Amino acid sequence: MSDKELTQDEIDQLLAKAKQPAEDALKLHPYYEGKMQTVPKCSVWGFDAFAVWYTPGVAAACRAIAADPAESFRMTNRANTIAVVSDGTRVLGLGDIGPEAGQPVMEGKALLFKYLGGVDAFALSVGEPGRRPSAEEIIKFVKMVQPSVGGINLEDISKPKCYTVLETLRNDPEITIPVWHDDAQGTASVVVGGVIGAAHHVGKELDQLKIAMLGVGAANTRTAYVLESAGVPLKNIVMADSKGIITKDRPDIIEQKDYDTFKYDLAQKTNKEGLSGDFSVAMEGADVMISASKSAPDVVKKEWISKMASDSIVFACANPIPEVWPWVAKAAGARVVGTGRSDFDNQINNSLGFPGIFRGTLDVNATTITDEMCVAAAQALADIAIKQGTTDKYVIPTMDQWELYPYEATKVGMKAIEQGVARTIMEEDELFKMAEEKIKYARDLTKNLMDTDFIKPKI
């Protein structure tokens, strides 16, 4: 099933639309001087309030926490606070631009956390002039920040450093809060949600899908494992990097198995037919194509898509420019096409995942975020789309469906309880109500600030 070829005028209009967000960003970032600020959440009824919130009254709260550190989750905002930590070495489609240049992305992340998930997030880009921090330094930084926050969102850190940081922190017994890498687990959760929704729409079973994946970085690596947790056998997946399809006996993979252990592991478990060659070989007969590769059009060729199975699904996830324009993929025969952009159909974007996932994780005071919790989030996204009624242009919810976030949070929190990684146990309806109230509060707060011009109107 393919769409008609677009006229050049139609293509020009779509390209102009795709460029508009970047033009607006250069105007609005300096106009607002950033995106986030801190505001009180407690009442200041008069100047005598500071005797309670600060000295001398605050000492009583300090002593209570000193006697039982767990009280910090009840007496401070720690239970609702996330640190977004990045070194700016692999910023969405821009590469190693450094912590200062990456900070607008981290602030944007904090904005999405707050507005979509009701989670307070601080953007913490780390580094020194002219030098990027090592994995060990980031690990030390996170461990030192831990007493102030309820969770850590690692962001835009290059591989394999990101793997070292994530796995070291997740397996450190001294870390008692969830540490998550959004470019890995976050991307995986949403991509898998899209795959579940799209497979349902075209009438294909997860365990029968043949999937081609371009890119073996943090995003696709974790996506492969979460797909496996969701029911897709790894042997049904064929992955390729810039050198071609990964195979168990490819010399460079074997040589670097201690450097990139996940790529080596996936090379042993994927590609049951032992295919070799470039990515075009992987795409022949594939039901699904997932690309997390170079941000540029025509990275994925039209002729490759035309050789996929009938009712094929194409997710070109690079940002800000997808690896193939949606209209090109549709003209080549793809039935369902998704990208990472909000201005095209089927946005496969982390913003559908991390706000709700962390909302549910924080509400049950979980100690970690497991792959099974990611699958619960993915299934929640698909559930919302299926209930709404999937179409070729809608296999995953959109950000403006606000009800998806408390629903997703609830499913994640309940999975944490089921797996025994939650420190707070509650019933499902109670968890949903809590998530709904916190997310609604964040949205109402923003609206009230806009209505009263405490946030300036958009120019």
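The values are calculated or read from the model by the stated rules, or taken from the named source; none is laboratory data. Only a predicted model underlies this, so the values are computations on that prediction, with no experimental measurement involved. For neighbour counting, all protein chains shown are included, and Cβ atoms are generated from backbone atoms with ideal geometry for every residue, glycine included.
Tabulated data
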{"item": "Matching option when the condition is on the phi < 0 side of the Ramachandran plot, part of a loop (DSSP other than H, G, I, E, B), out of contact with any Pro (no Cβ under 9 Å at 6 or more places or on another chain) and of a type outside the set (Phe, Trp, Tyr), among Lys458, Lys411", "result": "Lys458"}
{"item": "Residue list for region 176-203, filter: assigned to a helix (DSSP H, G or I) and not hydrophobic (A, V, I, L, M, F, W, C)", "result": "Asp182, Asp183, Gln185, Gly186, Thr187, Ser189, Gly193, Gly194, Gly197, His200, His201"}
{"item": "Restricting region 249-297 to residues that are within 18 Å of Gly333 (Cα to Cα) and among the hydroxyl-bearing types (Ser, Thr, Tyr), the residue that is surrounded by the fewest Cβ atoms within 10 Å (Cβ to Cβ)", "result": "Ser280"}
{"item": "Considering residues of region 315-330 that are of a type in the set (Phe, Trp, Tyr) and at pLDDT below 95 only, the residue farthest from Val299 (Cα to Cα)", "result": "Trp327"}
{"item": "Of the criteria (1) more than 17 Å from the chain's Cα centre (by Cα); (2) part of a helix (DSSP H, G or I), which one Pro56 fails", "result": "(2)"}
{"item": "Region 312-333: number of residues that are closer than 17 Å to Met213 by Cα and among the charged types (D, E, K, R)", "result": "1"}
{"item": "Matching option when the condition is hydrophobic (A, V, I, L, M, F, W, C), in contact with a strand residue (DSSP E or B) (Cβ under 6 Å, 6 or more places away or on another chain) and within 30 Å of Ala422 (Cα to Cα), among Ile386, Ile348, Ile357", "result": "Ile348"}
{"item": "Single match in Ser134, Ser125 (criterion: closer than 11 Å to Asp156 by Cα, modelled with pLDDT of 95 or more and of a type in the set (Gly, Ala, Ser))", "result": "Ser125"}
{"item": "Criterion violated by Thr424 - all others in (1) assigned to a helix (DSSP H, G or I); (2) more than 30 Å from Trp327 (Cβ to Cβ) satisfied", "result": "(1)"}
{"item": "Out of Glu403, Glu372, sole residue that is among the charged types (D, E, K, R) and at pLDDT below 95", "result": "Glu403"}
{"item": "Cβ pairs under 6 Å, 6+ apart, first in region 48-59 and modelled with pLDDT of 95 or more, second surrounded by 12 or more Cβ atoms within 10 Å (Cβ to Cβ) and in a loop (DSSP other than H, G, I, E, B)", "result": "Ala51/Gly57"}
{"item": "Members of region 361-399 found to be on the phi > 0 side of the Ramachandran plot and either in contact (Cβ under 8 Å) with a residue 24 or more places away in the chain or under 18 Å from the mean Cα position of the chain (by Cα) (or both), listed by number", "result": "Asn365"}
{"item": "Segments classed as strands (runs of 3 or more DSSP E), wholly inside region 220-320, with at least 1 members that are of a type in the set (D, E, K, R)", "result": "237-241"}
{"item": "Residues of region 335-362 satisfying the condition of being closer than 25 Å to Thr410 by Cα, part of a loop (DSSP other than H, G, I, E, B) and out of contact with any Pro (no Cβ under 9 Å at 6 or more places or on another chain)", "result": "Ile348, Asn349, Gly353"}
{"item": "Flag for Phe344 being touching a helix residue (DSSP H, G or I) at 6+ places or on another chain (Cβ under 8 Å), aromatic (Phe, Trp, Tyr) and under 20 Å from Val216 (Cβ atoms)", "result": "no"}
{"item": "Selected residue (criterion: farthest from Phe344 (Cα to Cα)) from residues of region 16-53 that are outside any helix (DSSP H, G or I) and aliphatic (A, V, I, L, M)", "result": "Val44"}
{"item": "Condition check for Ile175: surrounded by fewer than 23 Cβ atoms within 10 Å (Cβ to Cβ) and in contact (Cβ under 8 Å) with a residue 24 or more places away in the chain", "result": "yes"}
{"item": "Qualifying residue in region 433-442 (condition: over 19 Å from Gly118 (Cα atoms) and not hydroxyl-bearing (Ser, Thr, Tyr))", "result": "no"}
{"item": "Residue list for region 81-100, restricted to those being within 19 Å of Gly217 (Cβ to Cβ) and of a type in the set (Val, Ile, Thr)", "result": "Val85, Thr89, Val91, Ile97"}
{"item": "Within region 331-351, tally of residues that are at pLDDT 95 or above, touching an Asp or Glu at 6+ places or on another chain (Cβ under 8 Å) and buried (at least 24 other Cβ atoms within 10 Å of the Cβ)", "result": "3"}
{"item": "Subset of region 53-96 (residues that are in contact with a Cys (Cβ under 9 Å, 6 or more places away or on another chain) and either within 18 Å of Gly118 (Cβ to Cβ) or of a type in the set (Val, Ile, Thr) (or both))", "result": "Thr89"}
{"item": "Residues located in region 427-441, provided they are aliphatic (A, V, I, L, M) and either in contact with a Gly (Cβ under 7 Å, 6 or more places away or on another chain) or outside any helix (DSSP H, G or I) (or both)", "result": "Leu431, Ala435, Ile439"}
{"item": "Every residue from region 384-397 that is surrounded by fewer than 17 Cβ atoms within 10 Å (Cβ to Cβ) and either among the small types (Gly, Ala, Ser) or in a loop (DSSP other than H, G, I, E, B) (or both)", "result": "Gly389, Lys393"}
{"item": "Test: residue in region 204-214 that is surrounded by fewer than 24 Cβ atoms within 10 Å (Cβ to Cβ), outside any helix (DSSP H, G or I) and at pLDDT below 95", "result": "no"}
